Amino acid sequence: MNSTDANTGQDILAHVLLPVATEEDAVATATALEPYQPARVTALHVIEKGDGVPDKTPVEQSESIAEESYAAVKSVFPNADDHTAYGRNVAKAIFEAADEVGASAIAYRPRGGNRLTRFLSGDISIKLVTDTDRPVIALPRADSNE
């Protein structure tokens with residue numbers, strides 16, 4: 001399989017940023033990425049911080065979820081790095097993290113949900129594939145009924 005970006009000549013699997021939300025999501029996402037054999041993986045967890053509004057969950061609880069997610073990714077990619085980002089706009093935080101870690105691509109597993117759920121959540125998937133400056137890999141879902 002050729003994983004070289006035709007525009008830049010860069011191996012898009014050289015350093016993959018892998019956004020994960022929970023431990024369960026991290027296992028499923030890392031497992032979906034595994035067959036593509038990326039050279040380097042950095043797991044990312046975005047802790048949503050409300051600018052002047054209450055946070056969805058206490059920061060300590062969110063940081064604990066992040067640590068569980070990183071451990072889950074490392075069960076598939078033992079040498080994976082981890083990166084925690086804080087922000088209200090999840091897509092923007094993912095892009096900023098990709099810059100910070102020097103990721104060659106962003107790989108994610110689209111979340112389930114109906115159209116209304118995706119609309120209300122701002123459909124991060126659409127933002128990831130339309131507002132990016134690097135390759136974005138949408139990983140297949142083994143469970144099509146989510």
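The values are calculated or read from the model by the stated rules, or taken from the named source; none is laboratory data. Model, not experiment: these values are computed from the prediction. Note that we place each Cβ from the backbone using ideal geometry, even for glycine, and neighbour counts take in every protein chain shown.
Every condition in (1) in contact with a Pro (Cβ under 7 Å, 6 or more places away or on another chain); (2) part of a helix (DSSP H, G or I); (3) modelled with pLDDT of 95 or more holds for Leu44 except the one numbered (2). For the criterion of being among the small types (Gly, Ala, Ser), modelled with pLDDT of 95 or more, touching a Lys or Arg at 6+ places or on another chain (Cβ under 8 Å) and more than 16 Å from Ile94 (Cα to Cα), Ala39 fails.
Checking each residue in region 5-33 for being at pLDDT below 65 and hydroxyl-bearing (Ser, Thr, Tyr) picks out only Thr8. Taking region 64-121 as the range and being at pLDDT 90 or above, in a helix (DSSP H, G or I) and among the hydroxyl-bearing types (Ser, Thr, Tyr) as the test, the residues that pass are Ser64, Ser69, Tyr70, Ser75.
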